[in-house]
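The values are calculated or read from the model by the stated rules, or taken from the named source; none is laboratory data. The shown structure was predicted, so the numbers you read here are calculated from the model rather than taken from an experiment. Note that we place each Cβ from the backbone using ideal geometry, even for glycine, and neighbour counts take in every protein chain shown. What goes into the accessible areas is simple: the full protein's heavy atoms, side chains included, and nothing from ligands, DNA or RNA. Shrake-Rupley method; radii C 1.70, N 1.55, O 1.52, S 1.80 Å.
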Amino acid sequence: MLNSTITPLAAQTELTVEQIGAADLLVGVPSFNNADTIGHVIRAVRAGLAKYFPDRRAVLVNADGGSTDGTPAIVADTLVDFDVLFIGDRQSPLHRIVTPYHGIPGKGSAFRTIFEIAKRLNVQACAVVDSDLRSITPEWIELLLRPIVQEGFDYVAPFYQRHKYDGTITNSIAYPLTRALYGYQVRQPIGGDFGFSGDLAKHYLNRHVWESDVARFGIDIWMTTEALTSGARVCQSFLGAKIHNPKDPAADLSDMLAQVTGALFSLMETHPATWTPVRASEPVPLFGFQYETGVEPIHVNVDRMLEVFQQGLQDLQPVWSRMLSEESMAQLNALQGVATAAFRMPDDLWVRVIYDTALSYHAGVLPKDHLLKALTPLYLGRTASFVLQTQGLTTREAEHHIEALCRAFESRKEYLVTRWP
Ligand SMILES: Nc1nc2c(ncn2[C@@H]2O[C@H](COP(=O)(O)OP(=O)(O)OP(=O)(O)O)[C@@H](O)[C@H]2O)c(=O)[nH]1
Ligand SMILES: [Mg+2]
């Protein structure tokens, strides 16, 4: 593999980067139609850099995916006196034909551009924050950058309080699986707001993954996993509440689920020597003062989720029976027609579903996109079960259930390892 592939930048960006020459800190903000919220995010970034790093040369990069709601103009209006770069990761169709390697539209492609600028400016530390955040404060910038700049860490994952029904992909798959595989308790491996060193940004650029799910929403889990497997020093920072524009798991999450699990499973194929020997997990250092915050309630439609699950039991038998073990299939079939209040998909069954799916992905029993799509109704069944099980519980109490799920992933890991060829 070539190590020197250069990520192309738009001509104007090239010029601006050249003029800036070098910087100490870079904050990247990916955006795609975030006009309602990005002004707040940019103000927080700007204040954070000014307050906590007044003597450092700082650059803010807004990597926009072709917003049609005026997002870039709002960014421009919000900033006056420091260097800003505006990047479009979505080329016009014509332009894309000329330079197809500019990348597929997605959050990951936006990050690739951010990494490239970080490399060219030779920065010491970077942070990235989502542009739909409504709870970001200037302190987030310090909490994401300081561990890199002063404490010798290479990667900072966020740690926030979220409503018990926000982050369902995190809670049911990304956190438990990452913890069981690699042995580190990174609570928000796909939180989206990270700090990392300039060196780690270069490492990311040298991995050639930009035609895969990593170019889209696979980017977050990929960054965290690459950090863990490359021997980077990883920590977490407590950022308070994460309040953003949440998605209804039943409505919007299918593509994101496929991209995140696709990245997770393909990373398992890249790093088997790292994860197969691991049998326990350890806490990861946590910076920042922890306090209780209020979180906004998230409404989820359990009936809709169960409908999709039951429909899957009807239609997807041929697919599920190829990707799951007989025992899992039998347990799933026993859930047919179960009334909502009584519906439960136990931890052990869910762990088996995920491990079986990872094994089938690796074995190539089905085209990968079919397999990942077939996971959606199963995930919705599990999410409905979690909602029903934790109804009436506080977020903190619901956390005990997530901890129990993590332990189930860890204690059943032998099942996965012994079947991995
Ligand atoms: N440049 C670019 N940015 C994107 C694209 N898709 C999403 N983003 C940005 O990535 C960030 C995260 O996207 P969200 O849709 O909030 O996803 P999320 O918060 O991880 O997922 P949920 O927990 O489901 O809300 C936001 O700042 C988006 O603007 C894209 O295609 N291009
Ligand atoms: Mg969001």
Taking the options Leu181, Leu133, name whichever one is within 16 Å of ligand 2 (Cβ to nearest atom) and buried (at least 20 other Cβ atoms within 10 Å of the Cβ).
Leu133
Of everything in segment 277-312, what is outside the structural domain of Lys413 (by TED's automatic domain parsing), over 22 Å from the mean Cα position of the chain (by Cα) and under 30 Å from Trp420 (Cβ atoms)? Give them in sequence order.
Pro277, Val278, Arg279, Ala280
Among helices (runs of 4 or more DSSP H) entirely within segment 180-270, at least 3 residues that are under 25 Å from Ile38 (Cα atoms) and within 16 Å of ligand 1 (Cβ to nearest atom) occur in 219-229, 249-252, 254-270
Among the residues in segment 136-143, are any within 14 Å of ligand 1 (Cβ to nearest atom) and among the polar types (S, T, N, Q)?
no
Residues being of a type in the set (S, T, N, Q) and either within 16 Å of ligand 2 (Cβ to nearest atom) or closer than 26 Å to Thr395 by Cα (or both) - total across segment 226-254:
4
Leading residue by the ranking (farthest from the chain's Cα centre (by Cα)) among those in segment 323-338 that are buried (at least 17 other Cβ atoms within 10 Å of the Cβ) and over 20 Å from Ala384 (Cβ atoms)
Ser325
Tell me, which residue of segment 185-199 that is over 16 Å from the mean Cα position of the chain (by Cα) and open to solvent by 10 Å² or more (accessible area, probe 1.4 Å) is nearest to ligand 2 (Cβ to nearest atom)?
Ser197
Would you point out the residue of segment 363-378, among those that are of a type outside the set (Gly, Ala, Ser) and out of contact with any Phe, Trp or Tyr (no Cβ under 9 Å at 6 or more places or on another chain), that is least open to solvent (accessible area, probe 1.4 Å)?
Leu375
Looking at segment 228-244 only, could you name the residues that are within 14 Å of Asp166 (Cα to Cα) and out of contact with any Leu (no Cβ under 9 Å at 6 or more places or on another chain)?
Ala241
Considering segment 149-163 alone, what residues qualify as being open to solvent by less than 10 Å² (accessible area, probe 1.4 Å) and either in a helix (DSSP H, G or I) or among the β-branched types (Val, Ile, Thr) (or both)?
Val156
Just one of Asp369, Asp348 is under 29 Å from Pro283 (Cα atoms) and in a helix (DSSP H, G or I); which is it?
Asp348
Checking the structure you have, find out if any residue of segment 350-357 is open to solvent by less than 10 Å² (accessible area, probe 1.4 Å), farther than 23 Å from Ala180 by Cα and aromatic (Phe, Trp, Tyr).
no
When the residues of segment 269-283 are narrowed to those that are of a type in the set (A, V, I, L, M, F, W, C) and surrounded by fewer than 21 Cβ atoms within 10 Å (Cβ to Cβ), which ends up farthest from ligand 2 (Cβ to nearest atom)?
Ala273
Residues in segment 5-46 that are more than 21 Å from Asn206 (Cβ to Cβ) and in a helix (DSSP H, G or I) total 16
